[in-house]
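Peer 1: Take this structure, written in structure tokens, and hold onto it; I'll ask about it next.
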Amino acid sequence: MADAEISPAQSPSNRLEEILDASDRIEELSDSENDYEDMGSVTQEEQANIDYLESVRIPIIDELKTETSEVQDDTLEVVLPFLEGNPNDYPLNIFGIPQLQREKHIAFLKQALGDYPSGFALLDASRPWLVYWSLQGLSALYYDISQYRERVIHTFSLAQHPTGGYGGGFGQLPHLAATYAAILSLAMAGEIEAYESINRKNMWHYLGQMKQPDGGFTMAAGGEEDIRGAFCALVVMSLLHIPLELPPDAPARQHGLTSFTDGLGEWISKCQSFDGGMSAAPGNEAHGAYAFCGLGCLAIIGPPKETLNKYLNIDTLIHWLAARQCSPEGGYNGRTNKLVDGCYSHWVGGCWSIVEAATTSDMWNRSALTRYILSGCQFKRGGLIDKPGKRADAYHTCYNLAGLSATQHTYTYEATMQIDLGGSALDAPYYWKLDGVHEEGKVWDETDHIAEVHPIFVVPFKAAHACRKYFEEKEGF
Amino acid sequence: MPIFYHDDPEWSDIEPLPQDDGGLHPLAAIAYADEYSEAMGYLRAVMAKNEFSQRVLGLTEHIISMNPAHYTVWLYRSRTLSELKASLHDEIAWLNPTALKHLKNYQIWHHRQTIIDGINSPKGEHEFIATMLEQDSKNYHVWSYRQWLVKRFGLFDDKEEMRWTEDMIHADVRNNSAWNHRWFLVVGGRDGKTLPENVVKREMDYAKSAIRKAPQNQSPWNYLKGIVREAKLPVSTLKDFALEFADMRRPDDIYSSHALDLLADIYAEEENGKEEAKKALELLASKYDPIRAHYWNFRKGLLDQSGVAA
């Protein structure tokens, strides 16, 4: 599990994996190690993989051993057999890479939407996340989620707080992470009944309570202020077409602020660290998940080319993002000198379309990431994972798939594009369009194809557009 | 032993508010254990009537022991402590073992911050943080909390704080969290004021000696470049140092891809340096950091475009 995923809770699979991992890892390694290379029985596909890994390896290795280099070496030892060979015996695509196990992942995510035994009480505050991750993962796999519509609406009508926003469930206090997951889930479920289940006027007041005098947002009343808050709030505001003006009862008004965006770009700017990355709050260490939140937020405030250039040092940002791709693993890590983790396939991989909209295209290695996801992150019983040896959860499944989608598609931001919505506050995210499939260096075929994902909202395009359109056309709250 | 409230006389005045799931079966529903379910029913009931009492502290402690990721319970506990003007030192004593059990939990750290803010002293916190970092030397919450402590109690120039940070870097020169903390102490506390010359020199020397220990370690390179940028020095200041690890006349003898990367920036700013800059970027793309070939090529493209360094 990534250490700073935007969920408020630690996944219980994290605890379970500690118990279950050891035996599993041994089992998996015994399939793969020592068997084929020494026996001279390397298949053609395996040899091609080994050659590829060699071609992306940094040839310089420092002799000094520290804790960091030791866990990195241990990790590589576990990961490499999966990138070289095919220990899970998956069918291979035409590029000799394990095919996407679509049906297994669908089954896993459907199960994630189902019932949990009592030992999962730890997830009680994160149920909106489970719903969002599963619905988005299923959509990415081209699975029709309309059968869940009524239950999505029902689930979130229970979690909606009487004073606005959503909590983790019935009787829980409102929280911006839960609110974010709830609104994205309702947008995916779609149609009037889902939209009308949201109390937008109360939402406006609730968001007003989260706005801070320094321009940022807290996650909850009396809770922490960080860049997740800013991103989650802006996503909700844009999708629900919430007025930019702070409600009269917003405490930030007493400090002279009048708009939700007052001081926001400046606050995000302070989250850019000395190495170019972005952190949870000013002064903290740069981190991939927070980078996506920061870029996503700026891409809602205005066209990325304008806002990224205005508030960030783009040269150092790109340098830092590029450095997150691990060699030779191909997947991303979240911080300098940390380990590869499948969830950053999205948190970092997803930053590229936003950055490329502000600069130029094709700055990252899509093939290497595709290989890491398909070869290293598919759990044999379904679902996707952090890295070989870990267990699947809805979080890693959703964000590996979103990352895989990012490797397969290119999106462009077209300020002049004719759209049937927009022209009002926070409309920048509706000028994105799918350019097409990315062909260069492609190592996936039709069986591995993932649906396009909106680069800012991380839901299907049509879900985001239909939601915004509904609220633009609606009069009053 | 499970704890129940329904036959506890202390709670006889409370009618619990059970979870109401209404008609349809909700998604991702949890089959709560009776103990958890009942305790949550009592919590909803006391929250509904805004009760802040000693028994509420007991109830929140009970729920936290079953689900430490429950932000609602933490927030309500925090509010209760403040309304009751309860002993914050007792709270910290209770919190310590709880935090050690749940290393990656967001709520515990924010709660701790609220309590220490109320206590108005960082005493004992450094020892506690040390214990936490022994478990996970890069724990994001712990480092962020440490930064809050520094800011809240004005420890930017505290010698002990700097010495501790150096120890952390010394223990693992690749610990980027520790490098970030050093930056926070040296630059973060200055609010944009210019760094004094002697500090610039000290920091550059410090980063350079770390690089010499392991030239392929990116953390001190980022730090070094950051200091030069912060001090508004020309990047060429670092030319001789970069050449120690990557001399383009000996392209088979490169000791750090980061030195090549830096040299590309340095050459790009030199008059007639473009060709050398290109060579450095090509070496990175083809041999020394090929996974990022697209990025190095993008940088090459920038050279052609403008004549200004990337």
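What follows draws every value from the coordinates through simple rules; no lab data is involved. Source: prediction; values computed, not measured. Counting neighbours? That spans all protein chains shown, and the Cβs are built from the backbone with ideal geometry, glycine included.
Peer 1: Output the Kirkwood hydrodynamic radius of the protein assembly as shown, Cα pairs only, in Å rounded to one decimal.
Peer 2: That comes to 27.2 Å for the protein assembly as shown.
Peer 1: Among B:113, B:216, B:54, determine the one that fluctuates most according to a GNM of chain B built with springs between C-alpha atoms less than 10 Å apart.
Peer 2: Ranking B:113, B:216, B:54 by mean-square fluctuation puts B:54 first.
Peer 1: Also, quick follow-up: How high is the relative contact order of chain A, in percent, with contacts defined as C-alpha pairs under 8 Å that are six or more residues apart?
Peer 2: 18 percent
Peer 1: Calculate, axis by axis, the spread of Cα positions in segment A:358-415 along the three principal axes, and write the results as whole Å, longest axis first.
Peer 2: 43, 21, 14
Peer 1: Within a 10 angstrom radius of the beta carbon, how do A:278, B:66, B:1 rank from fewest other beta carbons to most?
Peer 2: By the 10 Å Cβ count, ascending: B:1, B:66, A:278.
Peer 1: 222 nm [θ] for chain B, helices only, -39500 (n - 2.57) per DSSP H run of 4+, per residue, to 500?
Peer 2: -19500 deg cm²/dmol
Peer 1: When we measure straight from the Cα of residue A:104, which aspartates and glutamates land under 19 angstrom away, once same-chain ones fewer than 8 places off are left out?
Peer 2: Cross-link targets: A:24, A:28, A:89, A:115, A:144, A:386, A:393, A:445, A:446, A:448.
Peer 1: Can you tally the net charge around residue A:164? Count Lys and Arg as +1, Asp and Glu as -1, for every other residue whose Cβ sits under 10 Å from the Cβ of residue A:164.
Peer 2: +2
Peer 1: Follow-up question, since we're still on this one. Taking only C-alpha pairs under 8 Å that are 6+ residues apart, what is the relative contact order of segment B:1-86 in percent?
Peer 2: Once normalised by length, the contact order is 27 percent.
Peer 1: Evaluate the relative contact order of segment A:349-477 (contact order divided by residue number), counting alpha-carbon pairs under 8 angstrom at least 6 apart; express in whole percent.
Peer 2: Computed value for segment A:349-477: 23 percent relative contact order.
Peer 1: Can you compute the equivalent ellipsoid semi-axes for segment A:187-265, i.e. the square root of 5 times each eigenvalue of the Cα gyration tensor, sorted largest first and rounded to whole Å?
Peer 2: Listed largest to smallest, the semi-axes of segment A:187-265 are 23, 13, 11 Å.
Peer 1: With springs only between Cα atoms under 10 Å apart, run a GNM on chain B and tell me which of B:20, B:167, B:158 wobbles the most.
Peer 2: B:20
Peer 1: Moving on. Evaluate the charge dipole of chain B about its Cα centre and quote only its size in Debye, nearest 20, assuming +1 on the Cβ of each Lys and Arg and -1 on the Cβ of each Asp and Glu.
Peer 2: So the magnitude is around 1260 debye.
Peer 1: Mind checking A:460-469 for the average number of partner chain beta-carbons within 10 Å of each residue's beta-carbon?
Peer 2: The mean count of partner-chain Cβ atoms within 10 Å per residue comes to 0.
Peer 1: Using a 10 Å cut-off on Cβ to Cβ distances, tally the other chain neighbours for every residue of A:318-327 and report the average as a whole number.
Peer 2: If you average over the peptide's residues, the count of other-chain Cβ atoms is 4.
Peer 1: Run lengths n ≥ 4 of DSSP H only: what is the helix-derived mean residue ellipticity at 222 nm for chain A, with -39500 (n - 2.57) per run over all residues, to the nearest 500?
Peer 2: About -14000 deg cm²/dmol.
Peer 1: Further question on the same structure: How about residue A:474: which lysines have a C-alpha closer than 22 Å to its C-alpha, ignoring those fewer than 8 places off in the same chain?
Peer 2: Excluding near neighbours in sequence, the set is A:201, A:462.
Peer 1: Sort A:260, B:153, A:82 by Cβ crowding within 10 Å, fewest neighbours at the top.
Peer 2: Taking fewest neighbouring Cβ atoms as first place, the list is B:153, A:82, A:260.
Peer 1: How about residue B:201: which lysines have a C-alpha closer than 22 Å to its C-alpha, ignoring those fewer than 8 places off in the same chain?
Peer 2: By straight Cα distance, residue B:201 reaches B:159, B:193, B:213, B:225, B:232, B:239.
Peer 1: For peptide A:356-365, how many partner chain Cβ atoms fall within 10 Å of a residue's Cβ, on average?
Peer 2: Across the residues of A:356-365, the mean count of other-chain Cβ atoms within 10 Å is 3.
Peer 1: To the nearest 10 degrees, how steeply does helix A:200-210 sit against the main Cα axis of chain A, on a 0 to 90 scale?
Peer 2: Taking Cα atoms only, the helix is inclined about 70 degrees.
Peer 1: Where is the GNM fluctuation largest for chain B (alpha-carbon springs, 10 angstrom cutoff): B:189, B:226, B:23?
Peer 2: So, out of B:189, B:226, B:23, the one fluctuating most is B:23.
Peer 1: Additional query: Sort B:295, A:413, A:399 so that the residue with the fewest other Cβ atoms within 10 Å of its own Cβ comes first and the one with the most comes last.
Peer 2: A:413, B:295, A:399
Peer 1: Here's a follow-up. Taking the Cα centre of the protein assembly as shown as origin, sum charge times position over the Cβ atoms of Lys and Arg (+1) and Asp and Glu (-1), and report the length of that vector in debye to the nearest 20.
Peer 2: 1900 debye
Peer 1: To one decimal place, what Kirkwood hydrodynamic radius in Å is obtained for segment A:334-457 from all pairs of distinct Cα atoms?
Peer 2: 15.4 Å
Peer 1: Still on this model: Of B:54, B:9, B:25, which is farthest on the positive side of the dipole of segment B:1-86, counting Cα position, with +1 on Lys and Arg Cβ, -1 on Asp and Glu Cβ, and the Cα centre as origin?
Peer 2: B:54
Peer 1: Quick one: in segment B:1-86, what % of C-alpha pairs are over 20 Å apart?
Peer 2: Result for the distance tail: 34 percent.
Peer 1: Of A:113, B:180, A:60, which is farthest on the positive side of the dipole of the protein assembly as shown, counting Cα position, with +1 on Lys and Arg Cβ, -1 on Asp and Glu Cβ, and the Cα centre as origin?
Peer 2: Going by the Cα projections, it comes out as B:180.
Peer 1: Once the Cα gyration tensor of segment B:1-155 is found, what semi-axes does its equivalent ellipsoid get, as square roots of 5 times the eigenvalues, in whole Å, sorted largest first?
Peer 2: Equivalent ellipsoid of segment B:1-155: 32, 19, 13 Å, largest first.
Peer 1: What's the whole-number percent of alpha carbon pairs in chain B lying beyond 34 angstrom?
Peer 2: 46 percent
Peer 1: Got a sec? Charge dipole of the protein assembly as shown, +1 on Cβ for Lys and Arg, -1 for Asp and Glu; which of A:86, B:102, B:72 is way out at the positive end?
Peer 2: B:72
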